[in-house]
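Have a look at the structure below before the remarks.
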Amino acid sequence: MRSMTSHYLDWAATAPPFADIQIAAADFASTTYGNPSSAHTAGRAAGEALEQARARFAGVIGAPSNSIVWTSGGTEADSIALLSVLRRQRPVSIVVSAIEHDAVYQQAKTLSELGVQLIVVRPSGDGTVSPGSVADAIRRDTALVSVMAVNNETGAIQPIAAIVEAVRAASAAAGADPFVHTDAVQSFGKVPFDAAGFRVDAASFSGHKFGGPRGTGALYLRRPLETLARGGGQERGIRPGTVNVPGAWAFAAAAERALHRRQQSYDEAAVLERQLFDGIRSISGATVLPECRNAGAPGYSPYITCVAFPGLGGETLARVLDDGGVFVSTGAACSGARKERRVLDAMGVPRELSFSSVRVSFGRDTTAEDVNAFLEKATDAYRRFKV
């Protein structure tokens, strides 16, 4: 249970799990304990439960059941899609945006070290990647394109449907057939995600971002791919290894709940976003990043906001806030030890602003009190420590 004196504003890093689902999953694990690949009664029961969970999540995203592959999280789902490129005949190139989460960006860099040509597309100053810029990067040897659905640092919503359409047209002209992937980790349960309508070939999801358990994820596949991994053949050979059946059950249950309350949660987040923006703009010198963003702008997720306090380092501010019981981050939690701000740099944000920025992110339990606590303590820290 959250302390009455703490204010959690780092939901983009992880969402506290739905407590009742966690408890039910623990009970489920003790009763449905068979290996879903086993042929005996206990194994068949586990296998049936696994397929029921698969069908439940597929229904949530409007996809056929056989398009869902269970993974250990968003990072593994991303890796499966990207590493499949190594099964293609060389030479091949891949196209990714400069604002991708490290789960995609660092994997893409590894592929480049293995001989794959990496083409990085920069965003506009507002943090969005234009369909035209992605289309211009397509070549005859382009094997994969990956652009995230919602940026995890700025909240910028990427025009995935338009990007896919532009990629298909450019690919037809170039004689290419790239696999189009999107990291939908920050999108699901918060802003609309239409697997079929977007026409992506693959999308990655992570359970702990929407109240499911950590260590659970899913990869949606519209068309098959040849994975790099080999093993016992589980998940149609795409993700070999014994499947976490209780985790998949809890993932599907949390996904259904997140979808059910999505509009209500979105409306609540929009109110908090406006409160945050009004407060930030009342602090002399502080600003929202990108500076062109306004509260309620349809191109941004209201759940994620990047704010800068020039003259006060973001890491310093985050530590001071932590001491006061307010929890924010300076970017992706997976990259918390790094000094660089790759996403903001790619957007052309001046270093003074990127260095002094923190990320504030909301979730289902965020309150106006939480936002007020951030504003009050950030204002005090800025007054005391700005140089």
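The values are calculated or read from the model by the stated rules, or taken from the named source; none is laboratory data. Given the structure is predicted, the values throughout are model-derived calculations rather than measurements. Cβ coordinates were reconstructed from backbone atoms using ideal geometry, including for glycine residues, and neighbour counts include every protein chain displayed.
Report, by residue number, each residue of the stretch 334-366 that is of a type in the set (S, T, N, Q), within 28 Å of Ala254 (Cβ to Cβ) and at pLDDT 95 or above. Passing the criteria: Ser361, Thr366. All told, Arg319 falls short of being within 30 Å of Pro159 (Cα to Cα), among the charged types (D, E, K, R) and at pLDDT 95 or above. For Pro131, indicate whether it is closer than 25 Å to Glu291 by Cα, free of Cβ contacts under 8 Å to residues at least 40 places away in the same chain, surrounded by fewer than 24 Cβ atoms within 10 Å (Cβ to Cβ) and over 19 Å from the mean Cα position of the chain (by Cα). Answer is yes for this residue.
Could you tell me which residue of the stretch 106-127 is nearest to Leu219 (Cα to Cα), considering only residues that are in contact (Cβ under 8 Å) with a residue 40 or more places away in the chain and surrounded by fewer than 23 Cβ atoms within 10 Å (Cβ to Cβ)? Once the filter is applied, the top-ranked residue is Arg122. Checking each residue in the stretch 91-105 for being more than 15 Å from Thr182 (Cα to Cα) and out of contact with any strand residue (DSSP E or B) (no Cβ under 6 Å at 6 or more places or on another chain) picks out only Pro91. Within the span defined as the stretch 75-90, every residue fails to be out of contact with any Gly (no Cβ under 7 Å at 6 or more places or on another chain), surrounded by 19 or more Cβ atoms within 10 Å (Cβ to Cβ), modelled with pLDDT of 95 or more and part of a strand (DSSP E or B). For Thr316, the conditions (1) β-branched (Val, Ile, Thr); (2) closer than 23 Å to Val129 by Cβ; (3) surrounded by fewer than 21 Cβ atoms within 10 Å (Cβ to Cβ) are fulfilled apart from (2).
Conditions: (1) out of contact with any His (no Cβ under 9 Å at 6 or more places or on another chain); (2) surrounded by fewer than 18 Cβ atoms within 10 Å (Cβ to Cβ); (3) modelled with pLDDT under 95. Gly331 meets all but one. Number of the miss? All conditions are met except number (2).
Only residues that are under 19 Å from Phe362 (Cβ atoms) and of a type in the set (Asp, Glu) were counted in the stretch 1-54, giving 1. Taking residues in the stretch 24-44 that are within 14 Å of Asn244 (Cα to Cα) and in a helix (DSSP H, G or I), and partners anywhere that are of a type in the set (A, V, I, L, M) and at pLDDT 95 or above, the pairs with Cβ atoms closer than 7 Å and at least 6 places apart or on different chains are Ala25/Ala250. Being surrounded by fewer than 23 Cβ atoms within 10 Å (Cβ to Cβ) and among the β-branched types (Val, Ile, Thr) is a description that applies to Thr379. All conditions in (1) part of a helix (DSSP H, G or I); (2) closer than 30 Å to Arg140 by Cβ; (3) free of Cβ contacts under 8 Å to residues at least 24 places away in the same chain; (4) not aromatic (Phe, Trp, Tyr) hold for Glu51, with the sole exception of (2). Only residues that are touching a Ser or Thr at 6+ places or on another chain (Cβ under 8 Å) and either under 30 Å from Val288 (Cα atoms) or surrounded by fewer than 19 Cβ atoms within 10 Å (Cβ to Cβ) (or both) were counted across the stretch 140-151, and they come to 6.
I'd like to know if the stretch 262-285 contains one or more residues that are assigned to a strand (DSSP E or B), at pLDDT 95 or above and closer than 21 Å to Asn372 by Cβ. The answer is no; no qualifying residue exists. Among residues that are under 14 Å from the mean Cα position of the chain (by Cα), under 14 Å from Ala77 (Cα atoms) and not polar (S, T, N, Q), Phe205 is included. Among residues that are in a strand (DSSP E or B), at pLDDT 95 or above, over 19 Å from the mean Cα position of the chain (by Cα) and outside the structural domain of Pro290 (by TED's automatic domain parsing), Ile94 is included.
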